[in-house]
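Colleague: Dropping a structure here in C-alpha cells format, bear with me for questions.
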Amino acid sequence: QVQLVESGGGLVQPGGSLRLSCAASGIISLNAMGWFRQAPGKQRELVATFTSNGFTNYADSVKGRFTISRDNAKNTVYLQMNSLKPEDTAVYYCNKLYRGRDYWGQGTQVTVSS
C-alpha cells in the first residue's frame, strides 16, 4: 500500500525559506513523484516533480526559487523553497503516480505572510 506523509510546512515571512519532506512507503522508485499545491479558491497545480525518467520539472512561477530533491535511501522527496512570496501560500501535497493511479499525501500548509 502506497503511503505519503508530508512534513515541514508552517508560517514564514516573505523572502524566507522552508523545506518540505515527503516520506513514501509501499513504493520502490521515486520517479513520477513530486509536489502540487492548492490555494484557497484555486485549482491544484503542479509545483515541482521528478518525471517518470527521473528528470525534474518545475512550474514557471517557482523556477529559480524552489528545488526538488530526493534521498533514495530514505525513500523521501524534498522541496526546498527559497525567496518565498505571499502568492506561494497554499496547501502543499506530495504526489506519486504508481501503476496508473495518483496517490496523495494529507497536505501541509505553507503560509507566507508578514
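The values are calculated or read from the model by the stated rules, or taken from the named source; none is laboratory data. Since we're looking at a predicted model, the values are computed, not measured. So basically every Cβ, Gly included, is an ideal-geometry build from the backbone, and we count neighbours across all protein chains shown. All accessible areas refer to the heavy atoms of the entire protein, side chains included, with ligands and DNA or RNA removed. Shrake-Rupley method; radii C 1.70, N 1.55, O 1.52, S 1.80 Å.
Colleague: Taking the stated definitions as given, is Gly34 touching a strand residue (DSSP E or B) at 6+ places or on another chain (Cβ under 7 Å) and modelled with pLDDT under 95? Quick ask: steps written out before the conclusion?
Modeller: Values: touching a strand residue (DSSP E or B) at 6+ places or on another chain (Cβ under 7 Å): yes; modelled with pLDDT under 95: no.
No: the conditions fail for Gly34.
Colleague: Please identify the pairs in which a residue from the range 95-114 that is farther than 16 Å from Ala48 by Cα has its Cβ atom under 7 Å from the Cβ atom of a residue that is open to solvent by 50 Å² or more (accessible area, probe 1.4 Å) and among the charged types (D, E, K, R), counting only partners at least 6 apart or on another chain.
Modeller: Final answer for the pair search is Val112/Lys85.
Colleague: Let me ask something additional. (1) surrounded by 12 or more Cβ atoms within 10 Å (Cβ to Cβ); (2) not aliphatic (A, V, I, L, M); (3) not in a loop (DSSP other than H, G, I, E, B): which one isn't true of Asp102, the others all being true?
Modeller: That leaves (1) as the condition not met.
Colleague: Something else: Does the range 46-90 hold any residues that are in a strand (DSSP E or B) and open to solvent by 40 Å² or more (accessible area, probe 1.4 Å), and which are they?
Modeller: Within the range 46-90, Leu46, Thr56, Asn57, Tyr58, Thr67, Ser69, Arg70, Asp71, Gln80 qualify.
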